[in-house]
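Single-structure report; data block below.
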Amino acid sequence: SGASGAAIGVRIAELLGQSPEIETHLVISPAAQRTLAIEIGPDAVAHLERCVAKRHPSDDIGTEIASGSVPTAGMIVAPCSMRTLSGIACGIADNLLIRTADVHLKERRPLILVARESPLHLGHLRAMAAVTEFGAIVAPPVPAFYLRPERLSDVVDQIALRTIDLLRLRNAPRARPWSTSGH
């Protein structure tokens, strides 16, 4: 969706795209296209398309991933705008992104929302509580400072890998765990 933090979504697609056993599908909202161009560059969408098995138009609510009859291991919305999160919370499936998230909730499949907003007002918090009650996982992109990241790319990698971990996929890249023995 169109929230800031496009690098996280791009990195998730790159990492999942490295696993031939994982078939990744992509939906980019119109606002996300704009954010990708601003934050990543004019070639970001083309790069993302090379990382995934298939890209679906955001207005095509009749494509296969919009149906509960198509099995998936889960869905990640990264980054997840408050507009998208609120649409999911209210069941307003007026685009493919929200429709597919709605399908994941009704089918009781993992739905990970990398909610990207700060500060939060009560409406945001209530929407987050609602989607959590419906079965989604709200995973704000919080850096693991205990890993002592040296570069922004270290932070993006950790958040992307931790998000992927939440899907519990076999053969997926994994985040480095916390350890008391150091790095």
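The values are calculated or read from the model by the stated rules, or taken from the named source; none is laboratory data. Small disclaimer: the values here were computed from a predicted structure and weren't measured. So basically every Cβ, Gly included, is an ideal-geometry build from the backbone, and we count neighbours across all protein chains shown. For the accessible areas, the whole protein counts, side chains as well, though only heavy atoms, and no ligand, DNA or RNA atoms are used. Shrake-Rupley method; radii C 1.70, N 1.55, O 1.52, S 1.80 Å.
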In the range 83-94, residue surrounded by the most Cβ atoms within 10 Å (Cβ to Cβ) [restricted to those that are of a type in the set (A, V, I, L, M) and in a loop (DSSP other than H, G, I, E, B)]: A93
Residue in the range 68-79 that is in a helix (DSSP H, G or I) and either farther than 19 Å from R99 by Cβ or touching a His at 6+ places or on another chain (Cβ under 9 Å) (or both) present: no
Conditions (1) buried (at least 17 other Cβ atoms within 10 Å of the Cβ); (2) modelled with pLDDT of 95 or more; (3) in contact with a strand residue (DSSP E or B) (Cβ under 9 Å, 6 or more places away or on another chain): number failed by G2: (2)
Qualifying residues in the range 139-183 (those that are modelled with pLDDT under 95 and outside any loop (DSSP other than H, G, I, E, B)) - the one least open to solvent (accessible area, probe 1.4 Å): L147
Verdict on P119 being surrounded by fewer than 22 Cβ atoms within 10 Å (Cβ to Cβ) and either modelled with pLDDT under 95 or within 17 Å of the chain's Cα centre (by Cα) (or both): no
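Within the bounds of the range 9-19, is there any residue that is farther than 23 Å from A139 by Cβ and β-branched (V, I, T)? Reasoning before the result, please.
The first filter runs over the range 9-19 and keeps only residues farther than 23 Å from A139 by Cβ, leaving none.
There is no residue in the range 9-19 that is farther than 23 Å from A139 by Cβ and β-branched (V, I, T).
In the range 128-148, how many residues are touching a strand residue (DSSP E or B) at 6+ places or on another chain (Cβ under 8 Å) and free of Cβ contacts under 8 Å to residues at least 12 places away in the same chain?
Filtering the range 128-148 for residues touching a strand residue (DSSP E or B) at 6+ places or on another chain (Cβ under 8 Å) gives 128, 131-132, 135-141.
Next, from what is left, pick out any that are free of Cβ contacts under 8 Å to residues at least 12 places away in the same chain: 132.
Selection size over the range 128-148: 1.
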S29, sole failed condition from (1) of a type outside the set (A, V, I, L, M, F, W, C); (2) open to solvent by 30 Å² or more (accessible area, probe 1.4 Å); (3) closer than 26 Å to D165 by Cβ: (2)
Residue within the range 41-51 that is of a type outside the set (S, T, N, Q), assigned to a loop (DSSP other than H, G, I, E, B) and open to solvent by 20 Å² or more (accessible area, probe 1.4 Å) present: yes
Members of the range 44-55 that are more than 19 Å from L152 (Cβ to Cβ) and more than 15 Å from the chain's Cα centre (by Cα): V45, A46, E49, R50, A53, K54
Count of the range 94-116 residues which are over 12 Å from the mean Cα position of the chain (by Cα) and over 16 Å from T72 (Cβ atoms): 2
Search result, residues across the range 95-122 that are assigned to a helix (DSSP H, G or I) and touching a residue at least 40 places away in the same chain (Cβ under 8 Å): L96, L97, T100
